[in-house]
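Structure record follows, encoded as structure tokens.
The values are calculated or read from the model by the stated rules, or taken from the named source; none is laboratory data. Please read all numbers here as calculations on a predicted model, not as lab measurements. Note that we place each Cβ from the backbone using ideal geometry, even for glycine, and neighbour counts take in every protein chain shown.
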Amino acid sequence: MSVVFALATPPAKSAICVFRVTGDGCHKVLKKIFSRDLFDPNRFYVGSLKNKKKTIDRVGLVVFKGPKSYTGEDSFEIHAHGGLAVMSEIVNLFNSLGFEEAAAGEFTKRAFLNNKITLNEAEAVSDLIESTDSRGVVLSNNALFGELSKKISFFAKCVDDIRVRVEGEIDFSDEGNDYFDGGLVKSLHLLVVDFELFVGSCINNKVSKEKNNVVLVGPVNSGKSSTFNRLLGFERSIVSSSPGTTRDMISSELFYESSSFNVVDTAGIRETFDSVEKRGIGFSISEIDRSDLVLGVFEKGDVGPLGYFKDLCSKNKKNFISIQNKIDLESADKDSFDCYISAKTGEGFDVLIKLIGDSFKDKVKKEDYKFLIRGRHEKLFKLVVDDLKSAKDGLKAGESLELVAEDLKNARSHLDEVVGVKFSDSLLGDIFESFCIGK
Ligand SMILES: Nc1nc2c(ncn2[C@@H]2O[C@H](COP(=O)(O)OP(=O)(O)OP(=O)(O)O)[C@@H](O)[C@H]2O)c(=O)[nH]1
Ligand SMILES: [Mg+2]
């Protein structure tokens, strides 16, 4: 395969940038561009990187000898100073050497094609990079570092073992039922149960990434932005005593225990002739549609829209928490609200945060899962369950053993597709095009 290169770190000013180069024969250029010509693999060398006689930078160089490299090919990495001009000079150098720019995910794709990793492990590399919370990291690591592949090869072996027994039956079938392996149905039944349990321990990465959306609504000046800022712990939204301050939606992420929430501050509701403010109010109402939980923030004495928000939320089947703010100024109007706070002093926020967390309790909890999988895997796993059930039912009903063997063959083939024993170019294209350049 050709020699390709990529900047593996972001193309922005930084302390260090890392370039990766892979492709058999790429080591040949090193004595031309680096101030040293003998290298032991996997060691970090510091020296000058040169383009002809001109020194570009003093860099770190690590050389990997295939097949003991990420891609399975000869490769090397250059760690240079993270200046934009330095990066541009290194790109020019590699272009002048005839190296091609790597496509997205090319390093991982080569690792797969060179049998360094399975296809599901390659997918897990991207899922790990995309993970936004610690549980996502644990789940994609389980998929990446062999645990998921081990499970799949375990089930593939179980399917093979049962198929061998079924095929043995086919060979003996002339001799009547006397020899029939009565344990086969039980073994298949146990395999279906085990496989379904395993599927239950997998979570689709799309479901896992679903955000908990929380929106703050209420009358103008009730303290929505102040509540928003206190929830986040920093001044993200502008707070002012003039009503109608927030006009556009402002959102930010809030982490609580192991969950993350997307919290949105919106424009306050009131009668207005200002067209910009009117649009902001329109946005606030439509934001309720996108949210999972609505926090209505009110001041004592200005609870007009409370009924309106309650009705809107119950019509749209949204959870609603009514909050009385500014309890440092006005006594709490007990019985009228779900929660009482002061965004100024922080009083009541422990209760509010708990109420927010509790309202998502029934949502998917990542702690209950072991492996992060993709839609592609989920579809294949469902097919495996169908194949195994069909084999079991066929066996129980005394159907042709050839058909049972065919179902088991299909189950095995669908498991093979998960790990990439079977793949098409278009599948590889779909998988790797969503990767980062340089990975
Ligand atoms: N005393 C007191 N003042 C508060 C509290 N929360 C907010 N305020 C004040 O109330 C005013 C309005 O606060 P904001 O947070 O901007 O209110 P808002 O609901 O976002 O207002 P709009 O964006 O205009 O709809 C500001 O002067 C805040 O300092 C509180 O708990 N106690
Ligand atoms: Mg505001």
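Quick look at the values:
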| read-out | value |
| --- | --- |
| Enumeration of residues in the range 183-218 that are outside any helix (DSSP H, G or I) and among the β-branched types (Val, Ile, Thr) | ILE203, VAL214, VAL215, VAL217 |
| Selection within the range 119-161 - aromatic (Phe, Trp, Tyr) and over 26 Å from ILE437 (Cβ atoms) | PHE154, PHE155 |
| Selected residue [within 26 Å of ILE117 (Cβ to Cβ), touching a His at 6+ places or on another chain (Cβ under 8 Å) and either at pLDDT below 95 or among the small types (Gly, Ala, Ser) (or both)] from GLY66, GLY60, GLY23 | GLY60 |
| Filtered residues of the range 225-259 (kept if among the small types (Gly, Ala, Ser), within 13 Å of ligand 2 (Cβ to nearest atom) and either on the phi > 0 side of the Ramachandran plot or surrounded by fewer than 13 Cβ atoms within 10 Å (Cβ to Cβ) (or both)) | SER240, SER241, SER242, GLY244 |
| Cross-chain or 6+ apart pairs with Cβ under 6 Å, the range 60-71 first and in contact (Cβ under 8 Å) with a residue 40 or more places away in the chain, then among the hydroxyl-bearing types (Ser, Thr, Tyr) and assigned to a strand (DSSP E or B) | SER69/SER75; THR71/THR22 |
| Checking SER342 against (1) more than 16 Å from ligand 1 (Cβ to nearest atom); (2) more than 30 Å from the chain's Cα centre (by Cα); (3) of a type in the set (Ser, Thr, Tyr), the condition it does not meet | (1) |
| Cross-chain or 6+ apart pairs with Cβ under 7 Å, the range 387-398 first and in the same structural domain as LEU184 (by TED's automatic domain parsing) and under 10 Å from HIS189 (Cβ atoms), then assigned to a helix (DSSP H, G or I) and not β-branched (Val, Ile, Thr) | LEU388/LEU188; LEU388/LEU191; LEU388/PHE195; LEU388/ALA411; LYS392/LEU188; LYS392/HIS189; LEU395/LEU184; LEU395/LEU188 |
| From the options ALA103, ALA143, residue that is closer than 23 Å to PHE19 by Cα and among the hydrophobic types (A, V, I, L, M, F, W, C) | ALA103 |
| Qualifying residue in the range 129-139 (condition: in a helix (DSSP H, G or I) and without any contact (Cβ under 8 Å) to a residue 40 or more places away in the chain) | yes |
| Selection count, the range 217-255, where residues are more than 20 Å from SER322 (Cβ to Cβ) and more than 9 Å from ligand 1 (Cβ to nearest atom) | 12 |
| Given (1) on the phi > 0 side of the Ramachandran plot; (2) more than 23 Å from the chain's Cα centre (by Cα), index of the condition GLY105 fails | (2) |
